[in-house]
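Working notes for the structure below.
The values are calculated or read from the model by the stated rules, or taken from the named source; none is laboratory data. A quick note: this is a predicted structure, and the numbers were derived from the prediction, not measured. Reconstructed Cβ throughout: ideal geometry from the backbone, glycine too, with neighbour counts over all protein chains shown. The area values use the complete protein model at the heavy-atom level, side chains included, leaving out ligands, DNA and RNA. Shrake-Rupley method; radii C 1.70, N 1.55, O 1.52, S 1.80 Å.
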Amino acid sequence: MQYVAPVGIGLLYALLMSLVREPHRRRLNAIMLAGAGAAYLGGGGLGGWEFAFTALVTYVAFRGLDSWTFIGVGWLLHTAWDVVHHVKGNPIIPFAHTSSLGCAICDPVIALWCLRGGPSLIGMVRDRRRGREEARATMVL
């Protein structure tokens with residue numbers, strides 16, 4: 001469950017973000033990335049490197065205001081930072097020792113969705129269903 005739940009959380013994130021229309025979806029995701037980049041600041045497990053990482057992700061998030069690719073890359077950077085924190089034993093949630101591992105599993109799911117252009121998952125299901133209905137209609141004729 002420790003490995004499956006984070007994947008589900010990443011998919012749920014993409015699904016909920018699908019409720020937001022473009023271009024607001026991309027901009028909101030850039031803001032979410034910037035917030036995620038600062039998530040470890042409170043713990044300070046890597047000292048001054050926490051500030052350097054936050055600055056890097058903030059820049060990538062800023063570029064993400066106009067680019068899904070930058071947002072996806074930013075989530076992959078955050079994944080790497082999660083792995084470093086997990087290995088070092090400094091989790092994102094101090095009382096949940098595998099929280100950084102969970103984040104490292106969830107973040108690539110979000111990154112892949114972003115690298116695909118952050119499509120509306122709801123719209124994809126709707127389009128797929130519509131395509132099936134049209135195919136059935138043509139078969140009946």
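Of note:
- Extending 7 Å from the Cα toward the beta-carbon at both THR98 and ASP66 defines two label points whose distance is 4.3 nm.
- Linear extension gain, LEU12 paired with LEU56, 0.36 nm per residue minus alpha-carbon span: 13.2 nm
- Percent accessible area from carbon and sulfur atoms, the chain, protein chains only, probe 1.4 Å: 69
- Answer label, with semi-axes √(5λ) of the Cα gyration tensor in Å calculated from the coordinates and candidates (i) 34, 18, 10; (ii) 29, 16, 10; (iii) 25, 17, 14: (i)
- Mean separation of Cα contacts under 8 Å, 6 or more apart, over the residue count of the chain: relative contact order %: 31
- Solvent-accessible area per residue for the chain (1.4 angstrom probe, square angstrom): 60
- The packing ranking, built from the mean of other Cβ atoms within 10 Å per residue, places the peptides 21-32, 63-74 in the order 63-74, 21-32, highest first.
- Electrostatic tally near GLY118: other residues with Cβ closer than 9 Å to its Cβ, Lys and Arg +1, Asp and Glu -1, net +2.
- Here the sum of -39500 (n - 2.57) over DSSP H runs of 4 or more residues, divided by the residues of the chain, equals -24500 deg cm²/dmol at 222 nm, to the nearest 500.
- The modelled label-to-label distance between LEU121 and ARG27, using points 7 Å beyond Cα along the C-beta direction, is 2.4 nm.
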